[in-house]
1. Considering only protein heavy atoms and a probe of 1.4 Å, how much of the accessible area of the stretch 28-102 is carbon and sulfur, as a whole percent?
2. In the chain, what % of DSSP beta bridges are antiparallel (nearest 5)?
3. With +1 on each Lys and Arg Cβ and -1 on each Asp and Glu Cβ, and nothing else charged, work out how big the dipole of the stretch 1-55 is about its Cα centre, in Debye to the nearest 20.
4. Enter the Cα centre distance for the pair the stretch 3-23 and the stretch 35-74, rounded to the nearest angstrom.
5. So for the stretch 58-98, what are the equivalent ellipsoid semi-axes in whole Å, largest first, each being the square root of 5 times an eigenvalue of the Cα gyration tensor?
6. Starting from the stretch 1-82, pick out the chymotrypsin sites (Phe, Trp or Tyr not before Pro) whose DSSP state is loop and whose Cβ has at most 15 other Cβ atoms within 10 Å.
7. What are the ³J(HN,Hα) couplings of the stretch 47-61, residue after residue, when phi is run through the Karplus curve with 6.51, -1.76, 1.60 and θ = phi - 60°? Round to Hz, x for glycine and proline.
8. Give me the accessible area per residue for the chain, probe 1.4 Å, as a whole number in Å².
Amino acid sequence: MTGNYATLGDDRNPVNVWYDEGTQSIHLTCSDPRLTDEHGQKPGFRTVFNANPRSADYSPANFNRLARYLRQQGKPAPDEAALHPRNLAQRGQVIEALGEGG
């Protein structure tokens, strides 16, 4: 795939990865028609990984894995994020430690 996308998987059902600088998120998508919503429509899936602990998509380890992959493929990618616990019970402490307050 051209542009800022990198592709995982095979040509039949590729999984695309890209970094969105605007949201500072890494997206992972697949349009496999076997994966549909509850109505049998909207094929594929999309998931997002973010390094901001205030984001519902906070997953620094997966964010880093995909950032490394994008760099290996010569695509735009963010710097790796510090690893901190993801569990919500500790999220306030992580936000404070990273200076992501207010």
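1. Numbers: 2300 of 4890 Å².
Taking all protein chains in place, the stretch 28-102 shows 47 percent carbon and sulfur surface.
2. Details: 15 of 16 bridges.
Looking only at bridges with both residues in the chain, the antiparallel portion is about 95 percent.
3. Numbers: 5 positive and 7 negative charges, 20 e Å.
Using only the charged Cβ atoms, the result is roughly 100 debye.
4. 10 Å
5. Details: eigenvalues 124, 17, 6 Å².
Its equivalent ellipsoid spans semi-axes of 25, 9, 6 Å.
6. Numbers: sites: Tyr5, Trp18, Tyr19, Phe45, Phe49, Tyr58, Phe63, Tyr69; in loops: Tyr5.
Sparse-neighbourhood loop chymotrypsin sites (Phe, Trp or Tyr not before Pro): none present.
7. 9, 10, 10, 9, 9, 8, x, 7, 7, 5, 9, 4, 7, x, 5
8. Details: 6630 Å² over 102 residues.
In whole numbers, the chain has 65 Å² accessible per residue.
The values are calculated or read from the model by the stated rules, or taken from the named source; none is laboratory data. The structure displayed is predicted, hence computed values, not measured ones. Because the Cβ atoms are built from the backbone with ideal geometry, glycine has one as well, and the counts that use them run over all protein chains shown. Side chains included, ligands, DNA and RNA excluded: accessible areas come from the protein's heavy atoms. Shrake-Rupley method; radii C 1.70, N 1.55, O 1.52, S 1.80 Å.
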